[in-house]
């Protein structure tokens, strides 16, 4: 009887489907037999502490990125709250980081970004608020993160931008996009970060 029970357990375990890895987003390029997916291109920006942040700063980290501006009267406060919920879930895990790019660097100075982060109860290097050349940030949004971000005088606050939270793996591939205004999407983001940690570490 024990033998049959063990045999049944072996069958049950072998029939369990393996966890599917998260997809790599973006159109790949085929080079010979290799499939090459797009990665986040090199950047150099300044965080709320006045420190330079680049791809190298995020080496071997999984991170969540978004594009916001401090005077945004619509979706940015909701995005910040959802990002903070994910931040809190991984506060003690140094493998996970968060970055928010301002698309309004003319007004979102380093001191303003630092004051905002302090008021929000978050800090670098866990969550970095990045500023720099506006054209470079807009180009990074559209060409690397497939996000919408551009000045628009007809939009509230003067900018149009997407509300996505973007999950990036340690190889700089985008692995997921989540609606930054919906709590249920943040739950999905947290679940996917945990999956990605198991996959990559």
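Some observations on this one:
- Among 28, 111, 77, the largest mean-square fluctuation in a Gaussian network model of the chain, built with springs joining Cα atoms closer than 10 Å, belongs to 28.
- The spread of Cα positions in the range 73-120, taken along each principal axis and listed from longest to shortest, comes to 33, 22, 18 Å.
- Helix 110-120 and the longest principal axis of the C-alpha atoms of the chain enclose an angle of approximately 50°.
- Angle of helix 76-89 to the longest C-alpha principal axis of the chain, folded into 0 to 90 degrees and rounded to 10: 40°.
- The chain: antiparallel DSSP beta bridges as a percent of all, rounded to 5: 60 percent
- Among 189, 22, 140, the residue with the largest mean-square fluctuation in a Gaussian network model of the chain, with springs joining Cα atoms closer than 10 Å, is 22.
- Between helix 183-200 and the chain there is an angle of about 60 degrees, using the helix long axis and the longest principal axis of the Cα atoms.
- Sorting 182, 172 from the fewest to the most surrounding beta carbons within 10 angstrom yields 182, 172.
- Only helical runs count toward this figure. For the chain, summing -39,500 (n - 2.57) over DSSP H runs of n ≥ 4 and dividing by all residues gives -10500 deg cm²/dmol at 222 nm.
- Gaussian network model of the chain, Cα within-10 Å springs - most flexible of 137, 30, 75: 30
- The range 39-200: relative contact order in percent, alpha carbon pairs under 8 Å with at least 6 residues between: 30 percent
- Its residue count N fixes a reference of 2.2 N^0.38 Å for the chain, and the Cα radius of gyration divided by that reference is 1.19.
- Treating each Cα of the range 106-201 as an identical point scatterer and summing with the Debye formula, the log10 of I(q)/I(0) at q = 0.13, 0.16, 0.19, 0.24 Å⁻¹ comes to -0.59, -0.91, -1.24, -1.41.
Any read-out appearing in this document is the output of simple, stated calculations on the displayed coordinates, not a laboratory observation. Just so it is clear, the structure is predicted and the values come from calculations on it, not from any experiment. So basically every Cβ, Gly included, is an ideal-geometry build from the backbone, and we count neighbours across all protein chains shown.
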